[in-house]
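Below: the structure, in structure tokens.
What follows is calculated from the coordinates using simple rules that are stated; it is not laboratory data. The shown structure was predicted, so the numbers you read here are calculated from the model rather than taken from an experiment. Here Cβ is always computed from backbone atoms with ideal geometry, including for glycine, and neighbour counts include all displayed protein chains.
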Amino acid sequence: MKWFALRLAACAVALAALIAPAQADKLKVVASFSILGDMVEQVTGDLASVTTIVGPNADAHVYSPNVNDARAVTEADVIFVNGLGFETWSKKLIDTSGTKARVFVATDGVTPLKVDGEIDPHAWNALPNGITYIRNIAKAMAEADPANAKTYQANADAYIAKLKALHERTVAELAKLPKDRRTVVTAHDAFGYLANAYGLKFLAPVGIDTEAEPSAQQLAKLIDQLKKEKVAGLFVENITSPALVEQVSRETGLRIGGRLFSDALSAKGGPATSYLSMFEHNLGVIVAALKGES
């Protein structure tokens, strides 16, 4: 028994010795927020260790980086940010960290939309843009790690095929809706790209930045508009307080149709733990509300 225990211990040491270099050889990649982090993981697979700064159900608009974030950025080989003004804290974090990592912007090539004169950073909320993100990530990883370029591209191609299929399904499902059942109200203006890509109309009491607060006059104006228009869907979001949406519901008589995931994935066990499942969830609850099924 003693001999067996010694052999077992020796095997464990040998196995650890084999695993440690493999882990050490992995590229350290940092992504700014959870949706982007999942996209990066889809492309890198087992070839990288991916750290996400702003995690599930957290609001990147108002996030304050901590010591662990600074350490992750300092030690990173590659950093991905959304760009388009989304992570207002990222430049300072990266500049002050002393990191030697290569920084890539996932939205390169995306045609930005504007809301009240400001660039809307929520480009991932249209699947054609999500495909652009994946292509950019694959290209960036190939530059950072040429030896594994073919694997990154193969992973990206397989994932893009899934996104294209979901895009086609989304177009087909939303095309069935009548013109008078295409207006949706959410907590903040995060779905402009979804509206633009799929022929919907989104209204919100708050603009593209969740830090903003609507004035009483602005909120009253929106409520008056909603009373006149035929709004088919009213939703809370996972990253914001439901208070404003609940007030809109009380004053208009509109029923809240569920929760949308706008700027962050859900925590483990939730309905939106990946970019793909997030989009599928949002599509499902939006279609149900617009059809009057929720």
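Using 20 Å as the cut-off for backbone N distance, which residues of the stretch 216-257 belong to the label zone defined by a point 7 Å from the Cα of D180 along Cα→Cβ? Taking a point 7 Å out along Cα→Cβ of D180, the residues of the stretch 216-257 whose backbone N falls under 20 Å are 224-234, 252-255.
If each residue of separation counts as 0.36 nm, what is the full-extension length gain between S241 and D108 once their alpha-carbon separation is subtracted?
Extra length from S241 to D108 when fully extended: 44.8 nm.
Against the chain, whose longest principal axis is taken from its Cα atoms, helix 127-144 shows a tilt of about 20°.
Determine the gain in length on full extension of the stretch A161-D95; use 0.36 nm per residue of separation and subtract their C-alpha separation, reporting nm with one decimal.
On the way: separation 66, 0.36 × 66 = 23.76 nm, distance 3.63 nm.
That works out to 20.1 nm of additional length.
Computed from backbone phi, the HN-Hα couplings of the stretch 221-230 come to 5, 5, 4, 4, 5, 5, 5, 8, 7, 8 Hz, rounded to whole numbers (Karplus: 6.51 cos²θ - 1.76 cosθ + 1.60, θ = phi - 60°; Gly and Pro given as x).
Take every DSSP beta bridge with both residues inside the chain and express the antiparallel ones as a percent of the total, to the nearest 5. Could you put the intermediate results ahead of the total?
Details: 3 of 25 bridges.
Beta bridges within the chain, antiparallel portion: roughly 10 percent.
Considering only V81, V185, V105, the mean-square fluctuation computed in a Gaussian network model of the chain, springs between alpha carbons under 10 angstrom, is largest for V105. Computed from Cα positions, the angle between helix 34-44 and the longest principal axis of the chain comes to roughly 40 degrees.
Full extension of the segment from V67 to A154, taken as 0.36 nm per residue of separation minus the current Cα-Cα distance, would add 27.8 nm.
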